[in-house]
Amino acid sequence: METINAAQPILQVRDLRVQAGSQPILKGVSFDLYPGEVLGLIGESGAGKSTLGLAALGHMRGGCACVGGEVLFRGQDVFSLPPRQAGMLRGRRITYVAQSAAASFNPAYTLESQIAEPLRRGGGSSGPIARTIRNLFRRLGLPQPDIFGARYPHQVSGGQLQRAMTAMALAPEPDIVVFDEPTTALDVTTQLEVLAAIKQAIREEGSAALYISHDLAVVSQISDRIMVLRHGQMVEEGTTRELIDTPKQDYTRRLLNVSHAVVPAEVREDARDEVLSIRGLSARYGSVPVLDDVTLGVRRGTTLAVVGESGSGKSTLAKVVTGLVPAAGGTLTFAGKALRPTLKARDKDTLRRMQMIFQIPDTALNPRQTVGEIIGRPLSFYFGLPRAEVERRVADLLRDIELGPEFARRYPSELSGGQKQRVCIARALAADPDLIICDEVTSALDPLVAEGIIKLLRRLQEEKGVSYIFITHDLGTVKAIAHDIAVMRRGRVVDCGARDAVLSPPFHPYTELLFTSLPTTREGWLEEALAKRPDPDALDGTAPGASQEAGQANARTGHRRGADRPVASGMGG
Amino acid sequence: MVLTRLIAKRLFGALVTLWFVTVLIFLAVECLPGDAAEALLGKDATPVAVENLRAELHLNDPPVERYVGWLGRVAVGDLGKSLTTNRPIAPMLATRLSNTLFLAATAAAIAVPLAIILGLVSALYRGTRLDRVISVLSLASISFPEFFVGYILLVVFALNLGWFPVLSGINPDMGLGEQLHRIVLPALTLVCLVLAYMMRMTRAAVINVLSNPYIEMAELKGCSRREIIVRHAFVNAVGPVANVVALSLAYLVVGVVVVEVVFTYPGLGQWMVDSVSKQDILVVQICGLIFGATYIGLNLTADIVAVLFNPKLRHPR
């Protein structure tokens, strides 16, 4: 730290103002970044984090314009560089790691040729370039580093791609790396590995970094300093420990508390009657098995949380229950009656009693219908209510979801993400269902907004006695809403039971792995979690009957083998 | 493995489509009013004479029998004799087809590269004056009917300036240079017809690709606009571009009747129109079949090109 402060800042952002049309995105943000320092930028969507990160490279997204202030790299304004020099700055002196590596690699070229692109422009010869890249692959723990680069983006897993993109950013030995939510799209166990690899690599390279995330816990594990942004303005800035331990601003405290102060849902031992019983369920896509012998029950008036990583089969489970995917075997009993396997075979009343809420509210709402029409549709469709009655019920439902009656005349495009999800909840409630399946309903929302949705769902359950299946990969929300938890992995239920039984020792090893991989703001958590974590593949005591991607299994082995290495040396240094 | 299976599947699909086309052609010709016997003998023919000629031409056989017979003969390359001139069809077809292909190939050799380059340029300079000029000119060129464009070119370049001949008829005795000189005007007319579609599709496909995050990534890696368009965007736009190129090429072979008539060019389309009016059904059928096969073949090629440019299919996991 002492040496850092003695040096000249490598990047200076001075009162930066950015507008999209007349809409301000950044309202005058200033900070300094010193050589070798990692600055975390944290905030909710719309805070201007990405705009700020991209501005460090002298880049503005379409429609945005810099209307004031400056960004100085080694004292030079990055926006006024001639194109040739800007080309040498980007991709060589300041590099960028994007959120979705899968979308940010060009599908038409091999990984190595894309990583080498900025190096070749610098006039490097191909031999040393290839060696540099292979060394980085090795250091980032990628499998078979000598041939890994010959693969195409679609041939490797998401975690590997994210590391390959980190390699692309580090290959030119840049002065600054901008990480824009690099682990947000990853599963929690993969996030842990990638986070450790990134931390290790930037420390070894001595590059400075801007680390952008909406997840305070993730940022706190990797940054020296943290800056909190909101609505394009700085809320608070300080060293990581200061900010976490003694936050000065109320907004920072609220962000911190999202993951801490969840009051668990009240234990419901009284509820014994199962509204939905799933017995020995299996399903397949073509010849690929995705669900294998799944047995679960949802108690009336309670919430069953189904947690698992991508490919675990949790969304398929929802599709089988709703009849979108027919079961290959097993039985479903709903409200005392056997459920027909397909949607078409089910009668209207059965359809009414089971409703669904989706992950992305933007695409789940018809943009050409008003909120009133959207919520009113189930009322006229299932109950055949006359128009006046529908309008009255819509107003009631809007009150239930804490929106005013005036919202009935608005269109989805006029609502925020959280409001749209509330409308989706009201639409589900309008059918007066026994069971609502919530498929990742908070995953696309900011933490504070997601917290509000969880509270709403809990209140509605208490008032109306509706049951939920709450499917999520976000383990943080599980404690807040679940009465029962089922942990899925590769198409099987590996652990299930009452919430407190599942979340207290003795743990099932995979459940433990999932929950210990959930980032916290505690100092040294990342290193500890990596050192303590069990071997994910040793958990495959039972044959993975439903591994969705056979190729992925190999990829996973590669991950972990690699991840062990940086940890060992990282702990030493 | 995946690739060969996919291509085999497309090939099989193309063959089925071609067979379906033969059925359609046969049915369509069946629906023509009158028949060859009436057309050959004219209005004053006695019913007996017409009936005799019908028997001679097998026109009284049941349709299924005639269809199977025709398909079998075509399949082994026996195209028969023209009903009106009584000369073998095959050599005439060869001349006409090669004339049409020569004209089409010349037009394509100009139109395809030009369209793709203009498409890339207008994607590169999207929203600028250059983009708008290219857009307006190419739209104007397809908005005029082809005979209009053809006659305007004739008036200006053949009659007023005298640079090119008015009649575009070519024969095998001419050298390549003279043949090319003669077909400049019809080829230009065709270029005007197909250029805009390909240009606009290239522009749209490239612009569509430009919204991908990997394009922003390329910018952030310091690539120039040109590198981004040519290296990062165009390779991923090949699929839709190949499709519109195939359709345009097919149009060059099939849709040129009017241009052939305007420039009195001895091509396949003109021959087919003549034969329809003369009820020369064998010629009509074989021309129809060749047009159908051209469409199917070119679309098949476009499909295969799109598959070959898809890295996920070329390099399976």
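The values are calculated or read from the model by the stated rules, or taken from the named source; none is laboratory data. This one's a predicted model, so the numbers in the text were calculated from it and none came from an experiment. Glycine gets a Cβ as well: all are built from the backbone with ideal geometry, and neighbour counts include every protein chain shown.
May I ask you to verify whether A:Arg120 is surrounded by fewer than 16 Cβ atoms within 10 Å (Cβ to Cβ), among the charged types (D, E, K, R), assigned by TED's automatic domain parsing to the domain that holds A:Ala196 and touching a helix residue (DSSP H, G or I) at 6+ places or on another chain (Cβ under 8 Å)? Answer is yes for this residue. In the range B:165-211, of all residues being of a type in the set (Val, Ile, Thr) and within 17 Å of B:Ile229 (Cα to Cα), the one that is surrounded by the fewest Cβ atoms within 10 Å (Cβ to Cβ) corresponds to B:Ile207.
A Cβ distance below 6 Å, combined with a sequence gap of six or more or placement on separate chains, defines the contacts here; from the range A:248-261, residues that are on the phi < 0 side of the Ramachandran plot reach residues that are part of a helix (DSSP H, G or I) and at pLDDT below 90 in the pairs A:Leu255/A:Leu216; A:Val258/A:Pro447; A:Val258/A:Glu451; A:Ser259/A:Gly476. The range A:285-373 holds helices (runs of 4 or more DSSP H) entirely within its bounds, and those carrying 1 or more residues that are over 30 Å from A:Ser416 (Cβ atoms) and touching a residue at least 12 places away in the same chain (Cβ under 8 Å) map to A:314-322, A:348-353.
For the range A:409-423, the condition of being of a type in the set (Phe, Trp, Tyr) and either in a helix (DSSP H, G or I) or under 19 Å from A:Met356 (Cβ atoms) (or both) holds for none of the residues.
Of the helices (runs of 4 or more DSSP H) lying entirely inside the range A:73-159, those carrying at least 3 residues that are at the interface with another protein chain (Cβ under 8 Å from one of its Cβ atoms) and hydrophobic (A, V, I, L, M, F, W, C) are A:83-89. Inspection of the range B:266-276 finds no residue satisfying the criterion of being within 14 Å of another protein chain (Cβ to nearest Cβ) and free of Cβ contacts under 8 Å to residues at least 24 places away in the same chain. Looking across the range B:213-230 at every residue that is surrounded by 18 or more Cβ atoms within 10 Å (Cβ to Cβ) and part of a loop (DSSP other than H, G, I, E, B), the one that is modelled with the highest pLDDT is identified as B:Lys221. So the check is Cβ under 7 Å with 6+ separation or different chains; which pairs have a first residue in the range B:216-235 that's at the interface with chain A (Cβ under 9 Å from one of its Cβ atoms) and a second one that's among the polar types (S, T, N, Q)? Within 7 Å, the pairs are B:Met217/A:Ser104; B:His232/A:Asn106. Taken together, A:Pro361, A:Pro378 contain a single residue that is modelled with pLDDT under 90, touching a Lys or Arg at 6+ places or on another chain (Cβ under 7 Å) and surrounded by 18 or more Cβ atoms within 10 Å (Cβ to Cβ), which is A:Pro361. Only one of the listed residues (A:Leu526, A:Leu445, A:Leu429, A:Leu460) is in a helix (DSSP H, G or I) and at pLDDT below 90. That residue is A:Leu526. If I ask for residues that are in contact with a Pro (Cβ under 7 Å, 6 or more places away or on another chain), closer than 19 Å to B:Arg231 by Cβ and not polar (S, T, N, Q), which ones from the range A:79-121 would you list? Hits for the range A:79-121 are A:Gly91, A:Arg92, A:Ala98, A:Ala103, A:Phe105, A:Pro107, A:Ala108, A:Leu111, A:Pro118, A:Leu119. Taking residues in the range B:296-317 that are farther than 9 Å from B:Ala246 by Cα and facing another protein chain (nearest Cβ under 8 Å), and partners anywhere that are at pLDDT 85 or above and not in a helix (DSSP H, G or I), the pairs with Cβ atoms closer than 6 Å and at least 6 places apart or on different chains are B:Pro311/A:Pro107; B:Pro311/A:Ala108; B:Pro311/A:Tyr152; B:His315/A:Tyr152.
State whether the residues of the range B:110-123 include one that is assigned to a helix (DSSP H, G or I) and more than 30 Å from B:Val241 (Cβ to Cβ).
Scanning the range B:110-123 turns up no residue that is assigned to a helix (DSSP H, G or I) and more than 30 Å from B:Val241 (Cβ to Cβ).
Residues being more than 26 Å from A:Leu186 (Cβ to Cβ), within 12 Å of chain B (Cβ to nearest Cβ) and modelled with pLDDT of 85 or more: count how many of those fall in the range A:54-72. Residues flagged as more than 26 Å from A:Leu186 (Cβ to Cβ), within 12 Å of chain B (Cβ to nearest Cβ) and modelled with pLDDT of 85 or more within the range A:54-72 amount to 2. If only residues of the range B:137-166 that are more than 22 Å from the chain's Cα centre (by Cα) and not in a helix (DSSP H, G or I) are counted, the one that is farthest from B:Leu268 (Cα to Cα) is B:Leu161. Kindly indicate whether A:Arg163 is under 29 Å from A:Val219 (Cα atoms), away from chain B (no Cβ under 12 Å) and charged (D, E, K, R). Answer is yes for this residue. Please determine whether any residue of the range A:153-164 is crowded, with 22+ Cβ neighbours inside 10 Å and β-branched (Val, Ile, Thr). Checked the range A:153-164: at least one residue is crowded, with 22+ Cβ neighbours inside 10 Å and β-branched (Val, Ile, Thr). Checking every residue in the range A:219-233 against the condition of being at pLDDT below 90 and closer than 21 Å to A:Thr511 by Cα gives zero matches.
Inspect the range A:504-518 for any residue being surrounded by fewer than 21 Cβ atoms within 10 Å (Cβ to Cβ) and touching a Ser or Thr at 6+ places or on another chain (Cβ under 8 Å) and give the result as yes or no. No, that holds for no residue.
Taking the condition on the phi > 0 side of the Ramachandran plot and more than 27 Å from the chain's Cα centre (by Cα), does A:Gly297 pass? Considered against the rule, which asks whether it is on the phi > 0 side of the Ramachandran plot and more than 27 Å from the chain's Cα centre (by Cα), A:Gly297 comes out as no. Annotation note: Cβ proximity below 6 Å between a residue of the range B:134-155 that is in the same structural domain as B:Val256 (by TED's automatic domain parsing) and β-branched (Val, Ile, Thr) and a residue that is surrounded by fewer than 19 Cβ atoms within 10 Å (Cβ to Cβ) and in a helix (DSSP H, G or I) (sequence gap 6+ or interchain) occurs for no pair.
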